[in-house]
Amino acid sequence: MAEVKVKVQPPDADPVEIENRIIELCHQFPHGITDQVIQNEMPHIEAQQRAVAINRLLSMGQLDLLRSNTGLLYRIKDSQNAGKMKGSDNQEKLVYQIIEDAGNKGIWSRDIRYKSNLPLTEINKILKNLESKKLIKAVKSVAASKKKVYMLYNLQPDRSVTGGAWYSDQDFESEFVEVLNQQCFKFLQTKAETARESKQNPMIQRNSSFASSHEVWKYICELGISKVELSMEDIETILNTLIYDGKVEMTIIAAKEGTVGSVDGHMKLYRAVSPIIPPTGLVRAPCGLCPVFDDCHEGGEISPSNCIYMTEWLEF
C-alpha cells in the first residue's frame with residue numbers, strides 16, 4: 001500500500017504578535033528595516049500576513065515608509081512627529097520624512113523628487129501644504145540665490161545655507177567684514193605695542209605680544225559692533241584674512257584640557273607683525289584674503305565674474 005504524505009499547514013500567527021515583533025525590530029534598528037529583515041526574523045509568517053501587519057502599522061502612524069537604494073525601509077515613527085502628521089496621507093508623510101532626514105542643511109525639491117519618486121506637481125502641492133501647516137519652511141541658499149531648500153520649521157539653517165555672520169538677507173556684508181578686520185588687527189597691534197614698551201628681554205616681549213582667538217573674540221564682543229552673535233570660528237576666519245595679508249602670524253601651542261580657548265589640547269595664538277618685504281601680487285589679490293573664498297564659484301551668488309573687489313583691483 002502506497003504511503004500518503006499529508007502537508008501540515010502552520011497555524012495562523014496572531015496579527016497583534018506580528019505587529020509587536022515588527023515594532024521590536026524597528027527599535028533594534030532605528031535607521032530602518034527592510035522586508036527581508038522581517039522575513040528573516042519571522043520565516044514562518046507568510047508574505048500576505050506581513051503585508052497586512054505592515055499596512056496596519058502604517059495606517060495607525062506607528063511606522064514611517066522610506067525609500068533607499070536597497071528598496072523600501074520601515075522605521076519607527078517619533079511620537080511627536082506622529083501627532084504633527086496626523087491626518088496626512090502616505091505621500092505627504094514620505095516627503096516630510098525626507099525633509100526631516102536632510103537636517104538643517106535642507107534639501108532641494110529636485111532631490112525630494114529623486115528620493116520620493118513622486119511627480120514634481122505632486123511634490124509642489126505637498127510642500128505648499130506642509131508650509132501652510134508650519135511643519136516645514138523654505139530657505140534661500142547663498143550657494144544659489146534662485147533656489148530654495150526645505151527643512152523642518154523649527155530648525156536653524158546651517159551656516160553653509162545662510163552664509164553665517166557674513167550675510168544679511170542673502171547679501172554679503174563686505175563693510176561689516178572690513179570693520180571686523182580692522183578691529184581685530186588694532187587689538188593685536190595694541191598688544192604688540194604694549195609688549196615692546198615693557199622693555200623686557202626680546203623673548204618675553206615676543207611671547208607677550210601673542211593673543212588667543214578667545215581674547216580677540218571677547219574684545220570684539222565687548223565692542224558691541226556686531227548685531228549678530230559671533231563665534232570664535234567667525235573671529236578665526238577674520239584672523240586668517242589678516243594672516244593672508246601678511247599683517248598677522250599664528251602659532252599653535254599645547255594647552256591643558258579645559259583651558260579657555262583651547263581645542264583638543266591645542267590653542268591658536270596670533271600676533272601683529274610688520275612685513276619685511278611687500279606681499280606678492282597674488283596675495284594682494286582679493287582672492288588671497290577673501291573670507292568666503294570657499295563659497296566662490298561661477299554661477300553662484302559669489303563668483304569671479306561679478307566680484308566688484310576683483311574689478312576694482314584690476315582697475316587699480
Output the number of residues of region 286-306 satisfying the condition of being closer than 18 Å to Ile238 by Cβ, in a loop (DSSP other than H, G, I, E, B) and without any contact (Cβ under 8 Å) to a residue 60 or more places away in the chain.
-> 2
Matching residues in region 129-152 (part of a helix (DSSP H, G or I) and open to solvent by 30 Å² or more (accessible area, probe 1.4 Å)) number 3
Within region 153-163, restricting attention to residues that are more than 17 Å from Arg110 (Cα to Cα) and touching a residue at least 24 places away in the same chain (Cβ under 8 Å), which residue is surrounded by the fewest Cβ atoms within 10 Å (Cβ to Cβ)?
-> Gln156
Members of region 99-128 that are surrounded by 14 or more Cβ atoms within 10 Å (Cβ to Cβ) and of a type in the set (A, V, I, L, M) | Ile99, Ala102, Ile107, Ile112, Leu118, Ile123, Ile126, Leu127
Of the residues that make up region 277-298, is at least one modelled with pLDDT under 80 and polar (S, T, N, Q)?
-> yes
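Quick check: is even one residue across region 221-236 part of a helix (DSSP H, G or I) and in contact with an Asp or Glu (Cβ under 7 Å, 6 or more places away or on another chain)?
Residues of region 221-236 part of a helix (DSSP H, G or I): 221-223, 232-236.
So of that shortlist, the ones also in contact with an Asp or Glu (Cβ under 7 Å, 6 or more places away or on another chain) come out as none.
Looking through region 221-236, none of the residues is part of a helix (DSSP H, G or I) and in contact with an Asp or Glu (Cβ under 7 Å, 6 or more places away or on another chain).
The values are calculated or read from the model by the stated rules, or taken from the named source; none is laboratory data. Fair warning: this is a prediction, and the values are worked out from it, not measured in the lab. Reconstructed Cβ throughout: ideal geometry from the backbone, glycine too, with neighbour counts over all protein chains shown. These area figures cover heavy atoms from the full protein model, side chains too; ligands, DNA and RNA do not enter into them. Shrake-Rupley method; radii C 1.70, N 1.55, O 1.52, S 1.80 Å.
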